[in-house]
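J.: Sharing a structure with you now.
The values are calculated or read from the model by the stated rules, or taken from the named source; none is laboratory data. Here the structure is a predicted model, which means the values were calculated and not measured. Quick reminder, even Gly has a Cβ in these numbers, built from the backbone with ideal geometry, and neighbours come from all protein chains shown. Each accessible area value is taken on the protein alone, full model and side chains, heavy atoms only, with ligands, DNA and RNA left out. Shrake-Rupley method; radii C 1.70, N 1.55, O 1.52, S 1.80 Å.
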Amino acid sequence: MVLAQGIVSLFTFYFFYKVLTIKPHQEPDSYSENDKESDRQ
Amino acid sequence: MSVKVDSWGSRVGLILAMAGNAVGLGNFLRFPVQAVQNGGGAFIIPYLICFLVMGIPLLFIEWSTGRYGGKFGNHSTPYILDTMSKGRIWKYVGVFGIFTNIAVAAYYCYIESWTISYVYHSIVGTFNGLSQGAVADFFNNYIDIGTSTTGIPYEAVIFYIACIILNTYILSKGLGGIEKVAKIGMPLLILFGVVLAVKGLTLGTSGASDLFPNANAWDGLNFLWTPQFDSLTNPKVWLAAAGQIFFTLSVGMGTIHCYAAYVKPKDDIALNAVSAGFMNEFVEVVLGSLIVIPIAAGYLGLDWVIQNAGFGMAFQTMPYLFQQWGGVLAVFAGVLWFGLLFFAGITSSLAMGTPWMGFMQDEFSWSKNKSAWSFGALILAMGLPTVIFYKQGLFDQYDYWAGTVSLVVFAFLETILFSYIFGIKKGWIEITSGADIKVPGFYKYIILIITPALLGWVLVSSIPDWIDKVKDTDTNNKEWFAENYYAENFEASGAKAGTVDEVKDDYILLSFENQKKVFDKASGKVDIVPFIDHKIYKFDLSKNQKTIVNIGDTVAPKDKIATGDFTNDTFYKFLGRMLLLSLFLFISIIVAIAYRKRTKEERIKL
């Protein structure tokens with residue numbers, strides 16, 4: 001259990017750290033990129 | 001196509017809201033109890049395996065499905081699922097994603113209202129000097145709505161309505177309101193949890209008393225941390241682990257789809273999903289296991305915990321234990337504990353409002369205000385019977401059918417849709433599109449084979465239990481209205497009989513041989529020990545109810561023990577099932593009306 005708690009804590013902090021540090025995606029800068037939307041089935 | 005009217009303010013806000021949706025009362029109450037009942041430390045092994053092969057895949061499926069539906073302006077499951085398949089029937093499967101939330105919110109807000117009430121009672125010192133039995137009685141009086149503990153008539157109902165109004169008001173502010181609550185509530189919840197967990201870790205033997213001289217918090221921690229490896233071969237333990245993963249992550253509800261539908265089409269969902277999922281696991285595995293069990297073991301001993309571990313500990317036992325800390329510290333601990341449960345509850349109940357609101361805004365162009373207040377009215381109408389007939393088992397029917405069965409059915413169907421109808425190829429593109437982490441390729445095969453198989457197993461295994469519930473096999477008093485009352489089973493098998501120790505016209509005390517689990521420190525094993533247990537029946541003289549047994553009589557299950565006018569719990573349980581069925585049909589009709597509206601407006605291709 002202690003090992004499980006350690007692993008879970010490690011992954012939680014790692015993923016949340018990534019969320020905080022990853023730069024936001026650039027907005028689409030062309031019409032062609034916007035057109036990649038897939039159609040409904 | 002409807003206009004997107006709302007969006008998340010920040011990524012952190014979204015993750016905290018999503019984690020808040022998952023973190024609920026079960027993290028602190030259900031998980032430790034499940035661990036105690038299913039092999040202590042060994043429970044974590046099937047639990048984590050189920051998290052990796054069922055929990056994470058379901059999070060990926062629901063996040064990506066939600067974002068996909070959002071591209072077409074759909075923010076709740078009926079039309080999110082509809083956009084994923086050619087068959088038009090899937091929108092009715094999506095009804096589960098609104099139904100579950102309204103039904104669960106209806107009774108969940110009642111528990112949430114207890115936490116508000118208990119914060120109040122902790123502050124004013126209601127529990128000061130009360131014995132363990134008196135604290136438990138306080139709870140029983142509280143849920144008996146005719147009794148008032150504060151002088152306010154129908155106090156439980158008033159707190160319940162206040163809780164619904166609070167939820168509805170926040171929901172009427174849209175995603176911004178939810179995000180604000182998550183940003184305040186989640187850090188506070190973790191802070192409160194850490195403070196209580198430190199107390200759980202440092203309590204040691206200081207809570208031992210004359211009544212419980214062997215009480216030791218470390219026994220509770222050791223029991224949770226020592227693996228009982230033989231339990232790993234027991235399928236019931238695996239089923240319990242799969243069930244816990246299910247409920248803790250709030251998958252199969254429709255709330256994740258709804259929140260994810262407001263994510264921008266090019267934004268990440270993979271990292272968001274694992275980040276929110278692991279945050280929930282941190283609260284559950286790390287904080288959840290360090291509070292209730294060690295503190296209860298520290299004052300009452302491990303044997304008491306093994307025997308009595310259950311949901312009721314939160315309200316019936318913890319206030320008494322906090323009193324042992326004395327004075328200001330007791331008030332402080334009560335506020336932290338019930339405040340923690342309140343934040344865990346409200347961040348989940350707010351999420352339950354969004355699928356209905358999203359649907360009404362998408363399909364009927366309702367405003368945030370109108371959709372929020374209509375949600376409040378719906379849960380009040382559905383929830384009042386659970387408040388009034390709580391003791392008759394109506395509450396449990398909601399919890400079972402909406403809070404358990406419905407989730408498994410919906411999750412199984414949505415996984416089949418995602419993997420085999422929408423197609424894993426397209427599904428995988430949806431999961432990895434815009435991803436800020438590399439999702440391991442083997443997850444494609446887990447989603448395709450293992451997750452549906454595991455869900456199918458959970459679903460099929462639970463079918464006999466559904467039948468038992470509908471047949472009311474848990475009682476020997478099956479008639480709705482009866483003139484006789486029969487003794488219930490003394491234990492699960494129904495083979496044992498009891499002896500009448502005390503009897504009055506309206507009261508019977510029976511004793512019978514029972515077994516309890518006791519943890520043997522030396523061997524590290526749980527032993528089964530026989531003991532004399534008691535069962536009490538109380539009757540109502542005003543309804544001509546009168547006992548017909550004598551002291552020394554042997555009473556077997558199904559023996560007649562009283563006569564008079566009885567309205568048995570089976571009546572209220574049936575009422576609960578019918579209310580749930582009506583709600584499901586009501587939402588299905590609204591979905592059908594929305595479909596006709598779409599056809600008329602030629603929006604049907606969306």
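J.: Which aspartates and glutamates, on any chain, are close to B:K597 with Cα under 12 Å apart, when same-chain ones fewer than 8 places away are left out?
T.: Here the aspartates and glutamates satisfying the reach criterion relative to B:K597 are B:D362, B:E363.
J.: Read phi for every residue in region B:511-516 and hand back ³J(HN,Hα) as whole Hz from Karplus 6.51 cos²θ - 1.76 cosθ + 1.60, θ = phi - 60°, with x for Gly and Pro.
T.: 10, 7, 7, 9, 10, 9
J.: For peptide B:280-287, what's the mean number of Cβ atoms from other chains within 10 Å of each residue's Cβ? Before the final figure, lay out each step's value.
T.: Details: counts 2, 7, 8, 2, 1, 7, 7, 1.
Taking the mean over all residues of the peptide, I get 4.
J.: Pick out, in residue order, every one of the chymotrypsin sites (Phe, Trp or Tyr not before Pro) in region B:237-336 that is DSSP loop and has at most 15 other C-beta atoms within 10 Å; say none if there are none.
T.: Those that pass, being in a loop and sparsely packed, are B:F311.
J.: Accessible area lost on pairing B with A, both sides, 1.4 Å probe, Å² to nearest 100? Let's see the in-between values first.
T.: On the way: alone 24220 and 4780 Å², together 26120 Å².
Between B and A, the summed buried area is about 2900 Å².
J.: List the aspartates and glutamates whose alpha-carbon lies under 20 Å from that of B:K236, not counting same-chain residues fewer than 8 positions away?
T.: Straight-line reach from B:K236, under 20 Å: B:D465, B:D468, B:D474, B:E491, B:D527.
J.: Additional query: On average, how much accessible surface per residue is there in the protein assembly as shown, in Å², for a 1.4 Å probe, leaving out ligands, DNA and RNA?
T.: That works out to 40 Å² per residue.
J.: Moving on. Starting from the Cα-Cα distance between B:A492 and B:N140, subtract it from 0.36 nm times their residue separation and give me the gain in nm to one decimal. The partial results should precede the final answer.
T.: On the way: separation 352, 0.36 × 352 = 126.72 nm, distance 2.43 nm.
The span from B:A492 to B:N140 would gain 124.3 nm if fully extended.
J.: When the accessible area of the protein assembly as shown is computed with all protein chains present and a 1.4 Å probe, what percentage of it is carbon and sulfur?
T.: Values: 16140 of 26120 Å².
The computed percentage sits at 62.
J.: Working out 0.36 nm times the residue gap between B:W218 and B:I467, then minus their Cα-Cα distance, what length gain in nm do you get to one decimal? Present the calculation step by step, with values, prior to reporting the outcome.
T.: Numbers: separation 249, 0.36 × 249 = 89.64 nm, distance 4.15 nm.
Going from the current span to full extension adds 85.5 nm.
J.: Across the protein assembly as shown, how large is the tail of the calculated P(r) beyond 44 Å, expressed as a percent of all Cα pairs?
T.: In whole percent, the share of Cα-Cα pairs in the protein assembly as shown beyond 44 Å is 21.
J.: If you don't mind, there's one more thing I want to ask. Whole Å is fine, so just give me how far the alpha carbon centre of region B:502-521 lies from that of region B:174-232.
T.: 30 Å
J.: Report the chymotrypsin sites (Phe, Trp or Tyr not before Pro) located in region B:486-551 that are in a DSSP loop and have at most 14 other Cβ atoms inside 10 Å of their Cβ, or state none.
T.: Loop-located and lightly packed - none at all.
J.: For region B:235-287 and region B:549-587, compute the distance between their C-alpha centroids and round to whole Å.
T.: Each part's Cα centre sits 37 Å from the other's.
J.: With viscosity set to 0.890 mPa s and temperature to 25 °C, compute the Stokes-Einstein D of chain B, Rh being the Kirkwood radius across alpha carbon pairs; µm²/s, no decimals.
T.: The diffusion coefficient I find is 97 µm²/s.
J.: Between B:V460 and B:L191, what is the label-point separation in nm under the 7 Å Cα-to-beta-carbon projection?
T.: 5.0 nm
J.: Determine the principal axes of the Cα atoms in region B:416-463, then give the extent along each, sorted from largest to smallest and rounded to whole angstroms.
T.: Largest to smallest, the principal-axis extents are 39, 20, 13 Å.
J.: So, one more: Note the full-extension length gain between B:I89 and B:V124 as 0.36 nm times their separation in residues minus their Cα-Cα distance, in nm to one decimal.
T.: 7.2 nm
J.: By a straight-distance test (C-alpha under 21 Å), which lysines pair with B:K180 as possible cross-link partners, with residues fewer than eight away in the same chain excluded?
T.: B:K4, B:K264, B:K368, B:K370
J.: What per residue convex hull volume, in Å³, do the alpha-carbon atoms of region B:8-100 yield? Intermediate values should be presented prior to the final figure.
T.: Details: hull volume 12.7 nm³, N = 93.
It comes to 137 Å³ per residue, whole-number rounded.
J.: Averaging the inverse of every distinct alpha carbon separation and then flipping it gives the Kirkwood radius. What is it for region B:160-215, in angstrom units? Present the calculation step by step, with values, prior to reporting the outcome.
T.: Working: mean 1/r = 0.0689 Å⁻¹.
Value: 14.5 Å, from the Cα pair sum.
J.: For region B:292-355, restrict the atom set to alpha-carbon positions and state the Rg and Dmax in Å.
T.: 14.2, 44
J.: In whole Hz and in residue order, list the ³J(HN,Hα) couplings for region B:330-335 that follow from phi through the Karplus curve 6.51 cos²θ - 1.76 cosθ + 1.60, θ = phi - 60°; x for Gly and Pro.
T.: In residue order, the calculated couplings are 5, 4, 4, 5, x, 5 Hz.
J.: I've got another one for you. Give me the angle, in degrees from 0 to 90, between the Cα long axis of helix B:406-416 and the longest principal axis of the Cα atoms of chain B, rounded to the nearest 10.
T.: That works out to roughly 30 degrees.
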